[in-house]
1. Can you tell me which of B:LEU106, B:LEU64, B:LEU101, B:LEU88 is under 30 Å from A:SER49 (Cβ atoms) and within 11 Å of DNA strand D (Cβ to nearest atom)?
2. Determine whether A:PRO55 is assigned to a loop (DSSP other than H, G, I, E, B) and either modelled with pLDDT of 95 or more or within 9 Å of DNA strand C (Cβ to nearest atom) (or both).
3. Pairs only if they're at least six apart or on different chains, beta carbon under 8 angstrom, first in the stretch B:93-107 and assigned to a loop (DSSP other than H, G, I, E, B), second among the aliphatic types (A, V, I, L, M); list them, first residue then second.
4. Go through the stretch B:65-90 and count every residue that is in contact with a helix residue (DSSP H, G or I) (Cβ under 8 Å, 6 or more places away or on another chain), near DNA strand C (Cβ under 8 Å from one of its atoms) and not in a helix (DSSP H, G or I).
5. Would you confirm whether or not the stretch B:16-24 contains a residue that is surrounded by 14 or more Cβ atoms within 10 Å (Cβ to Cβ), at pLDDT 50 or above and at negative phi?
6. Condition first: in contact (Cβ under 8 Å) with a residue 24 or more places away in the chain, surrounded by fewer than 19 Cβ atoms within 10 Å (Cβ to Cβ) and away from DNA strand D (no atom under 13 Å from the Cβ). Now tell me which residues in the stretch A:26-51 satisfy that.
7. Identify all residues within the stretch A:82-116 that are surrounded by 17 or more Cβ atoms within 10 Å (Cβ to Cβ), more than 29 Å from B:HIS104 (Cα to Cα) and away from chain B (no Cβ under 11 Å); write none if there are none.
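The values are calculated or read from the model by the stated rules, or taken from the named source; none is laboratory data. Just so it is clear, the model here is predicted, and its values are computed rather than measured. Virtual Cβ from ideal backbone geometry, glycine too; neighbours counted across all protein chains shown.
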Number of protein chains: 2
Amino acid sequence: MTATSLPSSTDESGCCPTTSPQAMGEAEALQAAQILKAVADPNRLRLLSIVKNGPSDGTCVCDLTGPLQLGQPTVSHHLKILVDSGLLAREKRGTWAYYTLVPHALQKAAELITEL
Amino acid sequence: MTATSLPSSTDESGCCPTTSPQAMGEAEALQAAQILKAVADPNRLRLLSIVKNGPSDGTCVCDLTGPLQLGQPTVSHHLKILVDSGLLAREKRGTWAYYTLVPHALQKAAELITEL
DNA sequence: TCCTTATATCGATGAATGTCAATCTACGTA
DNA sequence: TACGTAGATTGACATTCATCGATATAAGGA
């Protein structure tokens, strides 16, 4: 994420003016895509929705496996992706694991789209 | 894949209350994920960025193949995905094709994340 | 200590996806 | 009409990803 400015090939063919100077760089795009990929899955969207609309002290995994009709390992896998991308936080209380939304993470993810 | 409302298993184990009632449904999640998938790719993010910061009357393909260091068929393929998902509009003028942002499409895509 | 329950991890598999080379279509021009 | 160029389409290939069964870990209870 250092020099994001591109060479801006001055096309001689006469079709196009020049590459716009403030276009998103390669590294920046890669990082943004990684977070957006975490959200761009129907089952993970539903997981986020359930957690968001659930109790503020967290939603446990047993409340997530039922609605999605997926196996427990699969749900755990999706939850890991959401935690690794900074969207969900995991807290273990006793035998159970509770997931909560990371405060402004969804807002920040949305801004990756609006602030191109 | 017919009845999207699930039995909402009233778990007897004492761990969890019940499935939250206003969670996103299966069909809704699938549709949202389809649009978000279109955005969740580094090269497509850069395409959107270039078009957004480009001239208001559209950016032609020859201005898009250069910065991305991808072959012309690959760029065309990504552009098709963005058009099919309603984010970009294509207009052919003469030999060239010009792409523009569909007015509030990016905003709407972002709201798919914030309004879960 | 043994057993049960909740969750995570591992390995395999089939499907979806990004990329390219080759080809096709449409338009402009000599 | 023939040629050159811009862009889209097709088919193939490699990679990534979602899912599952089996297993591991960890905590609580008998």
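1. Working: B:LEU106 fails: within 11 Å of DNA strand D (Cβ to nearest atom); B:LEU64 fails: under 30 Å from A:SER49 (Cβ atoms); B:LEU101 fails: within 11 Å of DNA strand D (Cβ to nearest atom).
Sole residue among the options that is under 30 Å from A:SER49 (Cβ atoms) and within 11 Å of DNA strand D (Cβ to nearest atom): B:LEU88.
2. Numbers: assigned to a loop (DSSP other than H, G, I, E, B): yes; either modelled with pLDDT of 95 or more or within 9 Å of DNA strand C (Cβ to nearest atom) (or both): yes.
It is true that A:PRO55 is assigned to a loop (DSSP other than H, G, I, E, B) and either modelled with pLDDT of 95 or more or within 9 Å of DNA strand C (Cβ to nearest atom) (or both).
3. Close Cβ pairs (under 8 Å, with a partner that is among the aliphatic types (A, V, I, L, M)) amount to B:VAL102/B:LEU87; B:VAL102/B:LEU88; B:VAL102/B:ALA89.
4. Residues in the stretch B:65-90 being in contact with a helix residue (DSSP H, G or I) (Cβ under 8 Å, 6 or more places away or on another chain), near DNA strand C (Cβ under 8 Å from one of its atoms) and not in a helix (DSSP H, G or I): 2 in total.
5. The answer is yes; a qualifying residue exists.
6. A:ALA27, A:GLU28, A:GLN31
7. A:TYR99, A:THR100
Listed here are the residues, each with its yes/no results for (1) under 16 Å from the mean Cα position of the chain (by Cα); (2) more than 10 Å from DNA strand C (Cβ to nearest atom); (3) polar (S, T, N, Q).
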residue	(1), (2), (3)
A:CYS60	no, no, no
A:ASP63	no, no, no
A:ARG93	no, no, no
A:THR100	yes, yes, yes
A:PRO103	yes, yes, no
